[in-house]
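To start, the structure under review is shown below, and the notes come after it.
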Ligand code: GLY
C-alpha cells in the first residue's frame, strides 16, 4: 500500500471515529425516564439506586455481558448519575456467586494513605478533630473503586471499553436530574463552596430543580482516560496528578505513590448456613458478613416465624441479637490484615448460645451488662447497593460508598469526581465518637495502608445450591441489621419481596442503648417494647434495599426500595 493510500485510510478512520463519538447514543432516553419498583423477567435483572444505572446494566446484558459486566457498568453509570454515593473516588465490595459454582469476594475498600497515623485527627491539646476526618481533603482514604472494577472485570465477558461507554455518554451529554437529586445538590452548596479549591459543576447560583440537565465534562475526560489506559488511567498519569495537586491545594496527604500502590484484594467469602440456606457475605474489612452470621445464628433455634412479623416478641428477640453482635463489632472487628479478628471464635454455636444465655423475652436487655467493651457507632446512611442476576445464574451483589452523602464534599479539580471521607470510619481516638456517634478501639485504629472497618453487607443467598436472593443496602451501621431483617422477613415470615423491602425497619447497635424505629413502625409493638423497658428513637428512613429473588416458577424478580429513586429493570 502506498503512503498516500495509508494516510487517506487513517484520515477516514479518524473521521469515522469522531463522527461515531458525536452520534454515540444510549438505547434509552436520559432526559426522560422514571423508576420501576418491581420487575419479573426470565433473562436477568438489575436493581440499583438510579433508573438510568439499572437501564445501563440491562443493556449490557442484552449485548451479551454477564452479571459481572452489568455490575461494573452500573457502578460506572452511578459514578455519573448518582454523585452522592456512586463513585470513582470511593471504595466498595463485590460478592458474587458465579454460574460455575465459584464464590468470589473483591475488597476495594479505601486504604489509609502512607502518611496516615493513629493520632492524625488529634490536635496538640489532645482534642479530636472529627471535622477533619469528615470533610475536606484530609478525610479521604486512597480510592479503591477503579482498581475493584478492573479486578472484577476478570469475571466478565465484555471489553471494559464497552462497559464504560454508557457512563462516558451520560457524563458528556448529560442527564435529567430528579427532585431528590436536586434537593441533595441544593443542601450541599455551602459545603461545596467551603471544601473545594476549583469550582465544581455541582455549584450553581440558582437552586437546582427537577428537570435540570447535569453535564460533567471533566468527569467524562477522567472516564476516557480510564477507558484508554485501564486502571493506570486513574492511579497514574494525568488523573493521579490532578488528585495529588488537589491534595496539595487543600492540605490532604494522598501521594502519587499511594495511588500507584493501591490494590484491590480478592478475599475468601464469609459463608455460613441458616436452615436450608447458604449465605455468602463479605469478610473483613467489612463487619457485614460476620454480623449477619451472628444475628441469624442467635435467632435460628427460637422459632421466630411463629412469633409473627414485627410482633413485640420477634422484634425483641432480633433487637437482643443485634445488641450482642454490635457489642462484638466494637471490640473485635477491623481490617484483619492488621488486627487478628477472631472470626471463628465469634461464630461457633457454643459462643453464640453463651451470648444469648442472659436473654429473656418480655424484658429489655442492657448494654451496660451485655459487654463492657469499646462502643460501636452509627455511620452515614449514604452508600449505595446494586444487585444483578443473569440468565446463566451469575449473581452479583455490590455495595459501594463515599461514606457521607457526597463524601468529603471535595471534587478533584479538573477530574470532576468527589473524594470519599472514609477515614471517619476508623476510630479517630479510642472512646471518641465519629460523625454518627461511632466509637471504636484498637481493632479499628488508624494505620498507614490499613482499611477502615465497614458495615457494607453485599449478600448472596443460595437455596439448593442455586442463587435464591441477591441483596444489600446503604445505611452505615444499619446495613447489617437491615439485611438481617430482610432475610428474616423472607425466610421466616414468608413475605413478598416488596413487603420485605418496604415494611418499616428497626435497628439496635448496642450503644447507644436505643431501638431506632422507622416511620410507620407498628405503634402497638412500640408500646409493648417501651413497657418492656426499651428506649425507642424514631428514624425517618432506614436503608434502601435492592433485592433480586428467584421465584419458585424460575422467574427472576427484582425489587427496588420505595425509599428513593431506586429502580429495577429486567430482561
Ligand atoms: N461508610 C459506610 C460503611 O462502609 O459502612
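The values are calculated or read from the model by the stated rules, or taken from the named source; none is laboratory data. Note that the structure is a prediction, hence the values are computed from the model and not measured. All Cβ positions, even for glycine, are placed from backbone atoms using ideal geometry, and neighbour counts span all protein chains on display.
Here 551, 536, 571 are screened, and the one residue that is free of Cβ contacts under 8 Å to residues at least 60 places away in the same chain and in contact with a strand residue (DSSP E or B) (Cβ under 8 Å, 6 or more places away or on another chain) is 536. Using the structure shown, decide if residue 204 is under 30 Å from residue 394 (Cα atoms) and either modelled with pLDDT under 95 or in contact with a helix residue (DSSP H, G or I) (Cβ under 9 Å, 6 or more places away or on another chain) (or both). No, not satisfied.
If you scan region 225-239, which residues turn out to be part of a helix (DSSP H, G or I) and within 24 Å of the chain's Cα centre (by Cα)? Give the derivation first.
Our first condition is that a residue be part of a helix (DSSP H, G or I); within region 225-239, this holds for 225-229, 232-235, 237-239.
Answer for region 225-239, where residues must be part of a helix (DSSP H, G or I) and within 24 Å of the chain's Cα centre (by Cα): 226, 227, 232, 233, 234, 235, 239.
Residue by residue, here is whether (1) buried (at least 20 other Cβ atoms within 10 Å of the Cβ); (2) at pLDDT 95 or above holds:
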position	(1), (2)
468	yes, yes
473	yes, yes
476	yes, no
479	yes, yes
485	yes, yes
494	no, yes
500	yes, yes
504	no, yes
511	yes, no
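Among the residues of region 457-472, those that are within 16 Å of the ligand (Cβ to nearest atom) and not in a strand (DSSP E or B) comprise 457, 458. Summed over region 554-564, residues that are more than 16 Å from residue 399 (Cβ to Cβ) and either surrounded by 22 or more Cβ atoms within 10 Å (Cβ to Cβ) or touching a strand residue (DSSP E or B) at 6+ places or on another chain (Cβ under 8 Å) (or both) total 5. Out of curiosity, is residue 289 more than 26 Å from residue 163 (Cα to Cα), modelled with pLDDT of 95 or more, assigned to a helix (DSSP H, G or I) and within 16 Å of the ligand (Cβ to nearest atom)? In short, yes.
Against the definition (closer than 11 Å to residue 569 by Cβ and either assigned to a helix (DSSP H, G or I) or at pLDDT below 95 (or both)), how does residue 1 come out, yes or no? It is false that residue 1 is closer than 11 Å to residue 569 by Cβ and either assigned to a helix (DSSP H, G or I) or at pLDDT below 95 (or both).
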